[in-house]
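Structure record follows, encoded as structure tokens.
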Amino acid sequence: MTQERASRKKGSHTATVLSNVQAGECFWKLRFRFEGEAAQAFAGFRPGQFIQFDTSELAIPSIETIPVALRNGARRNVLLRRPFSFSDVTVESNVTTADLLYCIVGPASLRMTTLREGDTASIVGPLGNGFAVREGTRIALLVVGGMGLPPIRCLAKSLSVEHPDITAVAFIGSRTVNALPLEERPAVFEEDLSLSVPTFATLGVPSMVATDDGSAGHRGPVTECLSQWLQENADRPREEIVVYACGPERMLAAVARIANEKDIDCQVSMERRMACGIGLCQSCAIECRLADSDETIYKLCCQDGPVFDAREVVFGTDDA
Amino acid sequence: MSVEFAGLRLANPVFTASGTCGYADELADFMDVDALGGFITKSITLKPRKGNPTPRIVETDAGMLNAIGLANVGLERFVAEKLPVIARMKSAVFVNVAGTTIEEYVAVVERLAGEKALAGFELNISCPNVKKGGISFGTDPAQVEEITRAVKKACGSKVLIVKLAPAVTDISVTARAAVAGGADALSLINTFTAMVIDIETRRPVLTNRTGGLSGPAIKPIAVYLVNKVYREVAREARIPLLGLGGIRSAADAVEFLMAGATAVAVGTASFVEPDCAVQIVAGLRDYCARKKITRLAELTGSLDRPA
Ligand SMILES: Cc1cc2nc3c(=O)[nH]c(=O)nc-3n(C[C@H](O)[C@H](O)[C@H](O)COP(=O)(O)OP(=O)(O)OC[C@H]3O[C@@H](n4cnc5c(N)ncnc54)[C@H](O)[C@@H]3O)c2cc1C
Ligand SMILES: Cc1cc2nc3c(=O)[nH]c(=O)nc-3n(C[C@H](O)[C@H](O)[C@H](O)COP(=O)(O)O)c2cc1C
Ligand code: FES
């Protein structure tokens, strides 16, 4: 039996902003508070699920504070909601709080920086299917590429709380260490170059960091760390291991290849541009193989995903 | 709030537009779909269509481009999987039909014409995202008349709405052709073919290169075109118009009604507020109460009448 992958109560909700701060060189951390019905809906939020956030009515930050490369985008109006994951969800009696880590890449994320404590936000969710925890899992290998961190961090927390019997290890890759959405820089920890990344270490999850420029941890792709771990632990039965990954599609494709070679289950969280997030528009197509056939079909990232079994996904069809 | 539309009595004049409301069950989490006046399915084709590779959408100022490519499950699976869900709806349900040949359109309509659950069909002869047919049908008046006539014959007693392409020299010419072919109603407008370029890569953002522009950006053009077709064709021919294009509030809907529409449809706005259509029904009710309007039909084409 696998655990429930989705909270069933989709809806349009209002959240109150508890805090919104620049938490690292490249990212911000926004904390929401849900009350009443919304608190209940989001208490059922599963790691890997997402929300659709309406930023169309938020103020634009003053132009001189906007990085030059983003100034043209800043002048663009926002019409559609934007999809975001949660990196942490905490349920306390009638209140649910949730953390959203975001990077500034365009008009919507720029506007989000002007949210202040006490502001309200319009959120549709929880949406999509999250990660599944299959019975018999002993080891969860969590693979992150850059801004793919939030849902994996959320999964790490839920594993540590709900499945203390499962050993999790995180593999965190990035172009450069400062591009990771981490509030504290990873500290050198072990001789084998594995680093303590506080946000995972506090959950009892050891981690390895890989950067393209060697600014922290292993210099090279994060998949090399994953391969090495699998080699060093080749005696572990493959049925006990599940790989969970979120990051750029190229990384997900490489992770899927490695898992496939070893016949290990692998779940990937995919991204697509979304207009609706709720199955109305068909904008978020993911090409998937049909079992036992050469044929492919399009599934919807927002409804059938964003988490997919890596074996079914045809990677590399969208490099947006 | 009730209106008469091509011989049908509708609870209210607000529809959801083709391709923007799934197959109804997706919206059920957010609103009572039975509170809609009408519901129009995604375009159905004879054979399933996978649709275009992604990216299929891109946002622009006050609008969006889509190039979904008529992705749909095809007639057979529509009948088996979607129709039973839709059949439970209390609103008037229209199946939007698309194809690349007249025979394909006719085959779909023939198969569905006997379904009790359906109020009628909307003929999509104006989709800008399919290479063959599609928009070429919709821009040539002779073809519009021919396809309308052929489909009308297959319709039986069901209502036939013909959806007009907006990017033509004179939309009244195609509107007249559809009326001559036997259309019971006209819907306008479909999207405008448009392009967004990524200046870093020097490539169009959409894999399909172009997409259909929808949303608030097209609303004033849509209002103008509805008014033009109302004055030049529909009023005299006594053909009701379903107005759409950028509607996201009751005020927008009232503009379309005044311009000459009998009913309106909500498209892109449902992506932002999934229950937008039922909010518009409530907003219309408030407007009518405030203006002491007892029959919505009074509003249709009321432009220039003393306020
Ligand atoms: C399920 C899901 C979960 C996500 N979770 C997070 C998160 O936790 N934190 C976070 O910072 N971001 C997340 N994103 C990405 C986020 O949605 C985009 O960064 C956001 O939409 C950007 O909006 P914008 O107006 O600021 O920039 P835009 O101008 O809309 O986009 C800037 C650039 O980013 C790219 N882009 C935009 N949207 C997407 C997308 N959906 N998929 C791939 N590329 C895209 C485009 O190439 C575009 O040129 C998630 C996306 C999905 C689909
Ligand atoms: C994502 C998307 C998909 C659409 N699919 C269809 C379709 O399958 N058939 C059709 O006739 N119109 C389709 N349309 C056009 C809409 O029905 C409508 O005519 C148009 O979007 C203008 O209305 P709006 O501005 O309110 O969205 C689609 C529009 C969008 C945005
Ligand atoms: S985003 Fe609209 S169907 Fe997935």
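Values for this structure:
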{"read-out": "Condition check for A:CYS266: at pLDDT 95 or above, within 22 Å of A:GLU135 (Cβ to Cβ) and either crowded, with 24+ Cβ neighbours inside 10 Å or within 16 Å of ligand 2 (Cβ to nearest atom) (or both)", "value": "yes"}
{"read-out": "Flag if A:GLN228 is within 16 Å of ligand 3 (Cβ to nearest atom) and more than 17 Å from A:ARG311 (Cα to Cα)", "value": "no"}
{"read-out": "Among the candidates B:ALA289, B:ALA251, B:ALA265, residue that is among the small types (Gly, Ala, Ser) and either surrounded by 22 or more Cβ atoms within 10 Å (Cβ to Cβ) or within 16 Å of ligand 1 (Cβ to nearest atom) (or both)", "value": "B:ALA265"}
{"read-out": "Helices (runs of 4 or more DSSP H) wholly inside region B:108-218 that include at least 2 residues being at pLDDT 95 or above and surrounded by fewer than 24 Cβ atoms within 10 Å (Cβ to Cβ)", "value": "B:141-155, B:171-180"}
{"read-out": "Among residues of region A:296-316, those that are in a strand (DSSP E or B) and either open to solvent by less than 30 Å² (accessible area, probe 1.4 Å) or within 11 Å of ligand 1 (Cβ to nearest atom) (or both), counted", "value": "6"}
{"read-out": "Within region A:29-64, tally of residues that are part of a loop (DSSP other than H, G, I, E, B) and either out of contact with any helix residue (DSSP H, G or I) (no Cβ under 7 Å at 6 or more places or on another chain) or surrounded by fewer than 23 Cβ atoms within 10 Å (Cβ to Cβ) (or both)", "value": "12"}
{"read-out": "Enumeration of residues in region B:40-57 that are within 12 Å of chain A (Cβ to nearest Cβ) and not in a loop (DSSP other than H, G, I, E, B)", "value": "B:ARG49, B:ILE57"}
{"read-out": "Criterion violated by B:ASN227 - all others in (1) farther than 30 Å from B:ALA67 by Cβ; (2) open to solvent by 20 Å² or more (accessible area, probe 1.4 Å); (3) touching a Gly at 6+ places or on another chain (Cβ under 8 Å) satisfied", "value": "(1)"}
{"read-out": "Residue that is farthest from the other protein chains (Cβ to nearest Cβ) [pool: residues in region A:259-279 that are of a type in the set (Asp, Glu) and more than 11 Å from ligand 1 (Cβ to nearest atom)]", "value": "A:ASP263"}
{"read-out": "Residue match in region A:280-295 (condition: more than 8 Å from chain B (Cβ to nearest Cβ), at pLDDT below 95, open to solvent by less than 50 Å² (accessible area, probe 1.4 Å) and more than 23 Å from A:ARG81 (Cα to Cα))", "value": "yes"}
{"read-out": "Any hit, region B:91-105, residues being buried (at least 23 other Cβ atoms within 10 Å of the Cβ), among the charged types (D, E, K, R) and at negative phi", "value": "no"}
{"read-out": "Positions within region B:1-25 being over 16 Å from B:ASN72 (Cβ atoms), open to solvent by 10 Å² or more (accessible area, probe 1.4 Å) and of a type outside the set (A, V, I, L, M), in sequence order", "value": "B:SER2, B:GLU4, B:GLY7, B:ARG9"}
{"read-out": "Unmet requirement for A:TYR298, which otherwise passes all of (1) among the aromatic types (Phe, Trp, Tyr); (2) within 16 Å of ligand 2 (Cβ to nearest atom); (3) in contact (Cβ under 8 Å) with a residue 24 or more places away in the chain", "value": "(3)"}
{"read-out": "Hey, A:ALA245 away from ligand 3 (no atom under 16 Å from the Cβ), more than 14 Å from chain B (Cβ to nearest Cβ) and without any contact (Cβ under 8 Å) to a residue 24 or more places away in the chain or not", "value": "no"}
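The values are calculated or read from the model by the stated rules, or taken from the named source; none is laboratory data. All figures in this text were calculated on a predicted structure; none of them were measured in a lab. Cβ sites come from the backbone with ideal geometry, for glycine too, and all protein chains shown count toward neighbours. Just the protein is used for accessible areas: all its heavy atoms, side chains included, with ligands, DNA and RNA removed. Shrake-Rupley method; radii C 1.70, N 1.55, O 1.52, S 1.80 Å.
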